[in-house]
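Structure record follows, encoded as structure tokens.
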Amino acid sequence: MGLMDKLFRSQRDIAKDDLEGIIWEPLESIDQFHNLVRNSKLKKKVIFKHSTRCGISRMALNSFERNYVPKDQNVTYYLLDLLENRDVSNAIAEELNVTHQSPQVIILDNEQVIHTESHHGIDIKKIQELL
């Protein structure tokens, strides 16, 4: 794939890549957060808190996605853009009693935090083992 192809990928190619990797649900509201906590009784939830202006956050997210192995797991992955949805991040910290960090991964099961990690400690392989 040439440089121009990489820069001007079609929406179809982008969608195809998404299907092969993690399928992210954007986390954009406090109501959505409350629903996902309730629904963690049915299916585990992974929240990735990402700052789009932070190089460390970008590296952690890239590593997370690159090392993800598709498995038949009963889990939903959520991506929270901290800059666009700071109120949601604040609600997560307060309601789950988890210190805010960025980047950060939080795993919920049965309305409880079962794992949290931040920065260079974020490891998709470890997370998939927990799931």
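The values are calculated or read from the model by the stated rules, or taken from the named source; none is laboratory data. Everything quoted here is computed from the prediction, not taken from an experiment. Positions of Cβ are backbone-derived with ideal geometry, glycine not excepted, and every protein chain shown enters the neighbour counts.
Restricting attention to segment 19-39, the residues that are modelled with pLDDT of 95 or more, over 15 Å from the mean Cα position of the chain (by Cα) and not acidic (Asp, Glu) total 5.
Note on segment 94-130: residues that are surrounded by fewer than 16 Cβ atoms within 10 Å (Cβ to Cβ) and of a type in the set (A, V, I, L, M, F, W, C) total 2. For segment 57-71, the count of residues that are under 22 Å from Ile114 (Cβ atoms) and without any contact (Cβ under 8 Å) to a residue 24 or more places away in the chain is zero. Screening the candidates Lys49, Lys71, Lys44 for the property of being more than 17 Å from Leu27 (Cα to Cα) and basic (Lys, Arg) yields one hit, Lys71. If you go through segment 97-113 and pick out every residue that is touching a Lys or Arg at 6+ places or on another chain (Cβ under 9 Å) and without any contact (Cβ under 8 Å) to a residue 60 or more places away in the chain, you end up with 6.
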